[in-house]
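I have placed the structure first, in the form of structure tokens, so that the comments after it can refer back to it.
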Amino acid sequence: MVRLSVDLIARTSAHGKNKRNEALEQYLKKLTHLNFSNRNIEDIDDLSVCRNLTVLYLYDNQITQICNLGFASNLTHLYMQNNNITLIENLSALQKLSKLYLGGNCITVVEGLENLKELTELHIESQKLPRGEKLLFDPRTLRSLSDSLCVFNISNNHIDEIKELAVLKNLTQFDAADNQLKDIKELELVFSQWPQLWRMDLSGNPVCHKTKFRDRLILVCKNLEVLDGKEINELSRQFLIKWKASKEAKRKSKEDRLIGEQTTYSKPSEFQIPAHLVPNTYTHPGFPSKRKPMEFGRPPLKAKSDLRKTHTSAIRCQSVKNSKSAAPLQDVAESPKVLSHVAV
């Protein structure tokens, strides 16, 4: 097992080339930058003598745990990407830490950063996550970083939503490429909370295939200059702003017109003619239309048929009566007395 220790530092070429040949302890006290990247280091030993260390490079090693860094109260940059770290821990003493690089590890939850009040950059991309899992965020850590964090890299972590990141109101650069983001409305809501955002990368997400994806984000992010690696032309931004304003004006005009029409139809007229004076209008409360229902004034078909039969029978009876009344008159006219009287 290779451990980062004082003896390992002493054997480095940097100390061997020390022209003044000063004591190792004095050298370590003055040390501000330490680079032990790609050395197959698996553990960190006690380095408390290096109390003035500000930058530590430990990337591309085999480290499994963040430990023994409590001495580095002056540390501002910590590079530990591409190791086998599973937890973000033991960093509370690094009060001056401003940049933390933890990409390419085995971290499943962003946590343990509540005391890092000066952290401005957090890079935690491409974690080696178990199959079917995504990178999670501790709400306490997010709230504690809301005032300081400016650069956040969470690319390639199977993330499908970022609504909980809205609290990071001071972000200026955001990288969430190669994730599973799909909801354009959620992105608009979150990005509207980041007024200082000027660079963003969402390439490789399903949401990039949404209609007007780029246009909608440009309109939401007022100060965005670079989106998915492409610069945003100010002329294009102004065109989109005017197009949106025109669209909103048309929508508002349409809504006002519909409201006006509804008001006109619903408002009673002061010169409305009484219903009983309107011709051909049926005013029964159950039937307000002009056409009368079958039950009121219009006999059914059977009733019409009966009326026709009754009318025909009446005509026939009248004909029979007329014929009977005409026969006696004919007999009288043919009698001898009447004839003789007519002859005289």
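The values are calculated or read from the model by the stated rules, or taken from the named source; none is laboratory data. The shown structure was predicted, so the numbers you read here are calculated from the model rather than taken from an experiment. Positions of Cβ are generated from backbone atoms using ideal geometry, with glycine treated the same way; all protein chains shown enter the neighbour counts. Accessible surface is based on the protein model in full, side chains and every heavy atom, while ligands, DNA and RNA are left aside. Shrake-Rupley method; radii C 1.70, N 1.55, O 1.52, S 1.80 Å.
Quick look at the numbers
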read-out: Flag for residue 155 being within 21 Å of residue 202 (Cα to Cα), polar (S, T, N, Q) and touching a Gly at 6+ places or on another chain (Cβ under 7 Å); value: no
read-out: Test: residue 133 is touching a residue at least 40 places away in the same chain (Cβ under 8 Å) and over 18 Å from residue 67 (Cα atoms); value: no
read-out: Unmet requirement for residue 84, which otherwise passes all of (1) under 17 Å from residue 124 (Cβ atoms); (2) touching a Phe, Trp or Tyr at 6+ places or on another chain (Cβ under 9 Å); value: (2)
read-out: Filter pass, residue 210 being under 25 Å from residue 238 (Cα atoms), in contact with a helix residue (DSSP H, G or I) (Cβ under 7 Å, 6 or more places away or on another chain) and open to solvent by 30 Å² or more (accessible area, probe 1.4 Å); value: yes
read-out: Residues being of a type outside the set (A, V, I, L, M, F, W, C) and under 16 Å from residue 82 (Cα atoms) - total across the stretch 100-125; value: 7
read-out: Residues (open to solvent by less than 10 Å² (accessible area, probe 1.4 Å) and in a strand (DSSP E or B)) located in the stretch 158-174; value: 174
read-out: Selected residue (criterion: nearest to residue 176 (Cα to Cα)) from residues of the stretch 133-142 that are open to solvent by 50 Å² or more (accessible area, probe 1.4 Å) and touching a His at 6+ places or on another chain (Cβ under 8 Å); value: 134
read-out: Residue count, the stretch 118-132 (criterion: modelled with pLDDT of 95 or more and in a loop (DSSP other than H, G, I, E, B)); value: 9
read-out: Filter pass, residue 177 being open to solvent by 30 Å² or more (accessible area, probe 1.4 Å) and in a loop (DSSP other than H, G, I, E, B); value: no
read-out: Criterion (small (Gly, Ala, Ser), buried (at least 16 other Cβ atoms within 10 Å of the Cβ) and closer than 20 Å to residue 76 by Cβ) met by exactly one of 126, 155, 148; value: 148
read-out: Lone unmet requirement of (1) modelled with pLDDT of 95 or more; (2) outside any loop (DSSP other than H, G, I, E, B) for residue 3; value: (1)
read-out: Residues located in the stretch 211-229, provided they are in a loop (DSSP other than H, G, I, E, B) and either within 15 Å of residue 194 (Cα to Cα) or aliphatic (A, V, I, L, M) (or both); value: 221, 222, 223, 224, 225
read-out: Positions within the stretch 35-81 being small (Gly, Ala, Ser) and in contact with a Phe, Trp or Tyr (Cβ under 8 Å, 6 or more places away or on another chain), in sequence order; value: 37, 48
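Results for (1) farther than 16 Å from residue 116 by Cα; (2) under 39 Å from the mean Cα position of the chain (by Cα), shown as yes or no for each residue.
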{"residue": "33", "(1), (2)": "yes, no"}
{"residue": "37", "(1), (2)": "yes, no"}
{"residue": "43", "(1), (2)": "yes, no"}
{"residue": "54", "(1), (2)": "no, no"}
{"residue": "60", "(1), (2)": "yes, yes"}
{"residue": "64", "(1), (2)": "yes, yes"}
{"residue": "70", "(1), (2)": "no, no"}
{"residue": "94", "(1), (2)": "no, yes"}
